[in-house]
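All remarks here apply to the structure that follows.
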Amino acid sequence: MMDGHPIRRCGSQGQQKSFLVALKFAQYEIMKDSYGFAPILLLDDVFDKLDITRISNLIEMVASKDFGQIFVTDSNKVRMAALVDKFTADRAYFETEDGTFTEIR
């Protein structure tokens with residue numbers, strides 16, 4: 001709900017996507033508490049419909065010590081590198097083509 005209305009009816013696409021990401025993070029925290037360790041987090045094409053501020057906040061949050069291993073997919077490797085490099089040096093980048101993964105150095 002947002003302002004007393006269903007978010008799917010009154011929220012923008014970015015607000016709806018942010019809400020879904022928040023639900024996934026809540027699920028992540030429940031799993032972390034239940035199992036006693038941080039699960040692997042997969043953010044697959046999560047930046048679609050998000051503005052650069054929301055994307056930056058999301059990357060900053062998952063780059064913190066509270067998260068374990070994270071896999072993020074994005075079609076814009078320049079944007080991804082610029083954002084991730086700003087918050088952490090503990091990362092690796094890969095490209096995939098025809099099912100083959102190649103590390104980008």
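The values are calculated or read from the model by the stated rules, or taken from the named source; none is laboratory data. The structure displayed is predicted, hence computed values, not measured ones. Quick reminder, even Gly has a Cβ in these numbers, built from the backbone with ideal geometry, and neighbours come from all protein chains shown. When the accessible area is computed, the model is the full protein with side chains, heavy atoms only, and any ligands, DNA or RNA have been set aside. Shrake-Rupley method; radii C 1.70, N 1.55, O 1.52, S 1.80 Å.
Summary table below
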read-out	value
Residue that is nearest to residue 38 (Cα to Cα), among those in segment 92-105 that are open to solvent by 80 Å² or more (accessible area, probe 1.4 Å) and among the aromatic types (Phe, Trp, Tyr)	94
Candidate set from segment 67-83 (those that are of a type outside the set (D, E, K, R) and closer than 23 Å to residue 27 by Cβ); member that is surrounded by the most Cβ atoms within 10 Å (Cβ to Cβ)	72
Lone unmet requirement of (1) exposed (fewer than 10 other Cβ atoms within 10 Å of the Cβ); (2) outside any strand (DSSP E or B); (3) touching an Asp or Glu at 6+ places or on another chain (Cβ under 8 Å) for residue 89	(3)
Residue that is modelled with the lowest pLDDT [pool: residues in segment 48-60 that are of a type in the set (A, V, I, L, M) and open to solvent by less than 90 Å² (accessible area, probe 1.4 Å)]	50
Residues that are of a type in the set (Lys, Arg) and closer than 16 Å to residue 42 by Cα, drawn from segment 66-96	91
Within segment 29-52, tally of residues that are part of a loop (DSSP other than H, G, I, E, B), in contact with a Leu (Cβ under 9 Å, 6 or more places away or on another chain) and not β-branched (Val, Ile, Thr)	2
Residue that is nearest to the chain's Cα centre (by Cα) [pool: residues in segment 82-101 that are under 17 Å from residue 69 (Cα atoms) and among the small types (Gly, Ala, Ser)]	92
Residue 69 vs. criteria modelled with pLDDT of 90 or more and either aromatic (Phe, Trp, Tyr) or closer than 25 Å to residue 105 by Cβ (or both)	yes
So residue 63, is it surrounded by 14 or more Cβ atoms within 10 Å (Cβ to Cβ), of a type in the set (A, V, I, L, M, F, W, C) and modelled with pLDDT under 90	yes
